[in-house]
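The values are calculated or read from the model by the stated rules, or taken from the named source; none is laboratory data. What you are looking at is a predicted structure, and each value in this text was computed from that prediction instead of being measured. Positions of Cβ are generated from backbone atoms using ideal geometry, with glycine treated the same way; all protein chains shown enter the neighbour counts.
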Amino acid sequence: MSLPVERPARRRLWLVALPLLVFAALAVLFFSRLETGGDPSRIPSALVGRPAPAISLAPLEGLNVAGQPVPGLTPADLKGKPTLVNVWASWCVPCRDEHPVLMELAKDQRLRLVGLNYKDAPENARRFLGQNGLPFAAVGVDPKGRAAIDWGVYGVPETFVLDKNGIIVHKFVGPLSPATVRDTLLPLIARLSGS
């Protein structure tokens, strides 16, 4: 007769202990990530190590430099030298914070910087670049976000680093900062360009 009494007691013990064990495991995982300095902006990309998506995007209408239209984005723009593909939008506040960093990067002759304008109104994108400067050698527009899906974009800004063969070698999620450029991006560009 004592067995039926023990089973409900064990069941109650498991009902209390199981959530506590799950919580403890999640807490250990969380604190271990904090201790090891896990960078939440480094979201793995399935595209790293693969060729960049072969997309062609129309240019940003009305965007000109010295009277010449800035070209759209083609697969040829992603080969020949290390290339940064920056996904941005005028409505993106972190993109505004990142923009001075991109303007500095555009001066580096070892790389090409191109932009993928994501779900933006053309007049807003032109105004943004007119006010803040044009760091991009080419700007392709992605009004519906379909190309961004091919790139595996989670949000803006994101920056992809491609080698001279158009292979994606790194992905940055979130705005590039001077520290990120100094500590991660420039050493990567030096390695890719052989300088």
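Just to be sure before I move on: is D142 surrounded by 16 or more Cβ atoms within 10 Å (Cβ to Cβ) and acidic (D, E) in the structure I sent?
Numbers: surrounded by 16 or more Cβ atoms within 10 Å (Cβ to Cβ): yes; acidic (D, E): yes.
Considered against the rule, which asks whether it is surrounded by 16 or more Cβ atoms within 10 Å (Cβ to Cβ) and acidic (D, E), D142 comes out as yes.
Of the residues that sit in segment 174-195 and are surrounded by 19 or more Cβ atoms within 10 Å (Cβ to Cβ) and over 12 Å from V161 (Cβ atoms), which one is farthest from the chain's Cα centre (by Cα)? Among those residues, the one meeting the criterion is P175.
Test D163 against the stated conditions and say whether it is surrounded by 14 or more Cβ atoms within 10 Å (Cβ to Cβ), touching a residue at least 24 places away in the same chain (Cβ under 8 Å) and under 23 Å from C92 (Cα atoms). Judged against the criteria, D163 is not a match.
Condition check: surrounded by fewer than 17 Cβ atoms within 10 Å (Cβ to Cβ) and either assigned by TED's automatic domain parsing to the domain that holds W91 or in a helix (DSSP H, G or I) (or both). Does I149 satisfy that?
Working: surrounded by fewer than 17 Cβ atoms within 10 Å (Cβ to Cβ): yes; either assigned by TED's automatic domain parsing to the domain that holds W91 or in a helix (DSSP H, G or I) (or both): yes.
Against the criterion (surrounded by fewer than 17 Cβ atoms within 10 Å (Cβ to Cβ) and either assigned by TED's automatic domain parsing to the domain that holds W91 or in a helix (DSSP H, G or I) (or both)), I149 qualifies.
The condition of being within 26 Å of N64 (Cα to Cα) and in a loop (DSSP other than H, G, I, E, B) holds for only one of D108, D97, that being D108. A148 - would you say it is within 23 Å of A66 (Cβ to Cβ) and among the hydrophobic types (A, V, I, L, M, F, W, C)? Criteria not met by A148.
Based on this model, can you work out whether L21 counts as surrounded by 10 or more Cβ atoms within 10 Å (Cβ to Cβ), at pLDDT 75 or above and not assigned by TED's automatic domain parsing to the domain that holds E123?
When the stated conditions are applied, L21 does not pass them.
Name the residue that is modelled with the highest pLDDT, counting only residues in segment 24-48 that are hydroxyl-bearing (S, T, Y) and more than 30 Å from L129 (Cα to Cα). My answer is S32.
Listed by first and then second residue, the pairs linking a residue in segment 122-143 that is in contact (Cβ under 8 Å) with a residue 40 or more places away in the chain and assigned by TED's automatic domain parsing to the domain that holds P82 to a residue that is crowded, with 20+ Cβ neighbours inside 10 Å and of a type in the set (D, E), with Cβ atoms under 6 Å apart and 6 or more places separating them unless they lie on different chains, are A138/D77.
Contact map, segment 73-90: first residue more than 19 Å from G194 (Cβ to Cβ) and modelled with pLDDT of 95 or more, second residue of a type in the set (D, E, K, R) and part of a loop (DSSP other than H, G, I, E, B), Cβ cut-off under 7 Å, separation 6 or more or different chains; pairs are A89/K119; A89/D120; S90/D120.
Being part of a strand (DSSP E or B), touching a residue at least 40 places away in the same chain (Cβ under 8 Å) and crowded, with 21+ Cβ neighbours inside 10 Å is the requirement here; does L116 meet it? Reasoning before the result, please.
Numbers: part of a strand (DSSP E or B): yes; touching a residue at least 40 places away in the same chain (Cβ under 8 Å): yes; crowded, with 21+ Cβ neighbours inside 10 Å: yes.
Criteria met by L116.
The residue that is surrounded by the most Cβ atoms within 10 Å (Cβ to Cβ), counting only those in segment 49-72 that are over 13 Å from L129 (Cα atoms) and without any contact (Cβ under 8 Å) to a residue 60 or more places away in the chain, is P69.
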